[in-house]
Amino acid sequence: MHNFDILGLEAFVAIADLGSFTRAAEYLHISQTALSRRLSKLEAAVGGMLIARSTRSLQLTQPGTLFLPRARRLVRELSAAMQELKDSTMHGYGQVVFGCLPTITANLLSPVIAEYGRAFPRNRLQILDRSATEIREAVQRGDAEFGISVLPKDTDGLIRHPLFADPMVLACPVQHAFARRKTVSWSELSNQSLIGIGALSGLRVQIEMVAKQHAFDIRHAYEVQHLATAVGLAAGGAGIAVLPRGACSGLGASGLKLIPLVKPRVERIIEVFVREGHTLSPAAKPLFQLLKQRLAVPAA
């Protein structure tokens, strides 16, 4: 594959469009000698003449005539790409891809995104609203610039910034016996019909770890993949569910009571994180900083 000189392409297009070496050199702000040298280098790369020169006129050869439309497109696309790169480097324009738990996206992210959009109206955001495991893997692979999620304690290769703690609560229908309680202990869930979230979700893993550490017998009568489904089933009286309080606040489940779980009090830590060694793009950096400013809760 030949390594074409973009300066030669630019020279060829300018000469062909302006019909003159003199005008093309003036347009490109170079000498005619430099212009001729650029064209000759391009012709040497393609193995033949593109422009036939004479003392009185110039004319495109047949290969030059066939090549000109593509050369114009290449120069135009490269010019546009270079402008986009310049905008990104100097002004922070561009696209940002990041991962975020769906419940955080729905409940907390809208004001931050709106603020970012006002500051950078030309930027485009792509949110990977996926499970905690999928978000972590996307950041580790480089498919996402950063993630907002729950991380296992032993996760390596990531730089983490805790944002806030989200306590676990019991979500039950208002007619349930627990609905009149101020608190419910984990041990009281052993004989209940629990609605579980997907076996590989970070929430499910955390619940099972608590049950194992404290020797609680917790069984799930139903299993769903999304928190919204669990909330809907609980509100409809199908069972009860252990959920993060923050995840419930934006799901609009009427007829549902949220009871603090105690003995022990359990919470999930929401963090924003990047891959070690990764430098955030000019478009992503201000969003990352804004998320830390707006979502982080100062330690007591």
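The values are calculated or read from the model by the stated rules, or taken from the named source; none is laboratory data. Source: prediction; values computed, not measured. In this analysis, Cβ positions are derived from the backbone assuming ideal geometry, glycine residues included, and neighbour counts consider all displayed protein chains.
Overview of results
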{"read-out": "Count - residues of the range 49-58 that are modelled with pLDDT under 90 and either in a loop (DSSP other than H, G, I, E, B) or not hydrophobic (A, V, I, L, M, F, W, C) (or both)", "value": "5"}
{"read-out": "Subset of the range 105-129 (residues that are touching an Asp or Glu at 6+ places or on another chain (Cβ under 9 Å) and surrounded by 15 or more Cβ atoms within 10 Å (Cβ to Cβ))", "value": "Thr105, Ala106, Leu128"}
{"read-out": "Residues satisfying the stated conditions in the range 74-104, i.e. within 16 Å of the chain's Cα centre (by Cα), modelled with pLDDT of 75 or more and of a type outside the set (Gly, Ala, Ser)", "value": "Gln95, Val96, Val97, Phe98, Cys100, Leu101, Pro102, Thr103, Ile104"}
{"read-out": "Residue satisfying condition, being surrounded by fewer than 21 Cβ atoms within 10 Å (Cβ to Cβ), aromatic (Phe, Trp, Tyr) and closer than 18 Å to Val272 by Cβ, within set Phe164, Phe146", "value": "Phe164"}
{"read-out": "Flag if Leu287 is modelled with pLDDT of 90 or more and surrounded by 14 or more Cβ atoms within 10 Å (Cβ to Cβ)", "value": "yes"}
{"read-out": "Options Thr61, Thr33; residue that is in contact with a strand residue (DSSP E or B) (Cβ under 9 Å, 6 or more places away or on another chain), at pLDDT 90 or above and exposed (fewer than 15 other Cβ atoms within 10 Å of the Cβ)", "value": "Thr61"}
{"read-out": "Strands (runs of 3 or more DSSP E) lying entirely in the range 186-300 (those with 2 or more residues that are under 31 Å from the mean Cα position of the chain (by Cα) and assigned by TED's automatic domain parsing to the domain that holds Ile135)", "value": "267-275"}
{"read-out": "Which listed residue is of a type outside the set (Phe, Trp, Tyr), under 30 Å from Ala16 (Cβ atoms) and modelled with pLDDT of 90 or more, from Leu68, Leu125", "value": "Leu68"}
{"read-out": "Residue pairs meeting the criteria (Cβ under 7 Å; at least 6 apart or on separate chains; first under 9 Å from Gly8 (Cβ atoms) and in contact (Cβ under 8 Å) with a residue 60 or more places away in the chain, in the range 37-56; second assigned to a strand (DSSP E or B) and of a type in the set (Lys, Arg))", "value": "none"}
{"read-out": "Residue among Gly246, Gly250 that is in contact with an Asp or Glu (Cβ under 6 Å, 6 or more places away or on another chain) and modelled with pLDDT under 85", "value": "Gly246"}
{"read-out": "Residues satisfying the stated conditions in the range 178-191, i.e. over 11 Å from Ile259 (Cβ atoms) and surrounded by fewer than 19 Cβ atoms within 10 Å (Cβ to Cβ)", "value": "Ser187, Ser190, Asn191"}
